[in-house]
Amino acid sequence: MEGIEIAAKLMELSAVTAPKSKGVSFVQTRILTGDSLQKLADEMVRFGERTGKKDFDRDAKGIARSGAIVLIGLKGARAVGLDCGACGYPDCKRFEQQARKEQEFAGPICAFRLLDMGIALGSAVKTASMLNVDNRIMYRIGTVARAMKMVEWDFVMGIPLSATGKNIFFDR
């Protein structure tokens, strides 16, 4: 549906222009449509089976019925430089020296950069809501999109979009 793709592009715009700590952005966006939605849904089911993690199959059903997905994430996010300790390290220098750990996501990530991403996500779903497009922020989408190398970001969330008589992302 053309309207969903337009909404997805406007959501990207909202995420990109959302305020960022010190005015420096590490936020990335990408829109998925067409065949990539079914491929993602299929891999979500396999990921859940392989890892024993629950609800990947449940969320995959909604993904398969989506009109588009907006991925929002962080890539190469550097520490803000406040030495606040919110990341668990005493200062930003020690935080930056830590080896990256790869699991579902790569970390550690500066708490302020995660806040930036949260603001970007909130701005994007606000835009979808204003356009009456059903949506839901889902961590499972980001985990599998990253595992599939759809994106090579450190941290990713996905926002599936739908325009039907009932929000399909809350059928649980």
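Residue 156: within 15 Å of residue 26 (Cα to Cα) and either of a type outside the set (A, V, I, L, M) or in contact (Cβ under 8 Å) with a residue 40 or more places away in the chain (or both), yes or no? The answer is yes for residue 156.
The residues on offer are 100, 136, and the sole one that is open to solvent by 70 Å² or more (accessible area, probe 1.4 Å) and either modelled with pLDDT under 95 or touching a Pro at 6+ places or on another chain (Cβ under 9 Å) (or both) is 100.
Residues in the range 69-97 that are in a loop (DSSP other than H, G, I, E, B) and surrounded by 18 or more Cβ atoms within 10 Å (Cβ to Cβ): 77, 79, 80, 87, 89. Filtering the range 1-35 to residues that are assigned to a strand (DSSP E or B), closer than 14 Å to residue 162 by Cα and open to solvent by less than 40 Å² (accessible area, probe 1.4 Å) leaves only 32. If you go through the range 39-72 and keep only what is of a type in the set (S, T, N, Q) and touching a helix residue (DSSP H, G or I) at 6+ places or on another chain (Cβ under 6 Å), you end up with just 66. The residues of the range 6-35 include none that are free of Cβ contacts under 8 Å to residues at least 24 places away in the same chain, among the basic types (Lys, Arg) and over 22 Å from residue 129 (Cβ atoms).
Looking at this structure, is residue 61 out of contact with any strand residue (DSSP E or B) (no Cβ under 8 Å at 6 or more places or on another chain), more than 17 Å from residue 146 (Cα to Cα) and in a helix (DSSP H, G or I)? Yes; evaluated as a whole, the condition is true for this residue. Residue pairs whose Cβ atoms lie under 9 Å apart, sitting 6 or more positions apart in sequence or on different chains, and linking a residue in the range 36-63 that is closer than 13 Å to residue 140 by Cβ and open to solvent by less than 40 Å² (accessible area, probe 1.4 Å) to a partner that is of a type in the set (S, T, N, Q) and part of a helix (DSSP H, G or I), are 44/143; 47/143; 56/143; 63/38.
Of the residues making up the range 105-139, those that are of a type outside the set (A, V, I, L, M), touching a helix residue (DSSP H, G or I) at 6+ places or on another chain (Cβ under 6 Å), assigned to a helix (DSSP H, G or I) and closer than 13 Å to residue 72 by Cα number 2.
With the checklist (1) within 25 Å of residue 100 (Cβ to Cβ); (2) in contact (Cβ under 8 Å) with a residue 40 or more places away in the chain in hand, flag the one item residue 89 doesn't pass. Of (1) within 25 Å of residue 100 (Cβ to Cβ); (2) in contact (Cβ under 8 Å) with a residue 40 or more places away in the chain, only one is false for residue 89: (2). Name every residue in the range 69-112 that is β-branched (Val, Ile, Thr) and within 30 Å of residue 169 (Cα to Cα), in order of residue number. Scanning the range 69-112 gives 69, 70, 72, 109.
Taking the criterion of being under 21 Å from residue 46 (Cα atoms), out of contact with any Phe, Trp or Tyr (no Cβ under 8 Å at 6 or more places or on another chain), in a helix (DSSP H, G or I) and touching a residue at least 24 places away in the same chain (Cβ under 8 Å), would at least one residue in the range 142-150 satisfy it?
yes
The values are calculated or read from the model by the stated rules, or taken from the named source; none is laboratory data. In this text, all values refer to a predicted model and were calculated from it rather than measured experimentally. We place every Cβ from the backbone using ideal geometry, glycine too, and count neighbours over all the protein chains shown. Remember, those area values only see protein heavy atoms, side chains included, never the ligands or the DNA or RNA. Shrake-Rupley method; radii C 1.70, N 1.55, O 1.52, S 1.80 Å.
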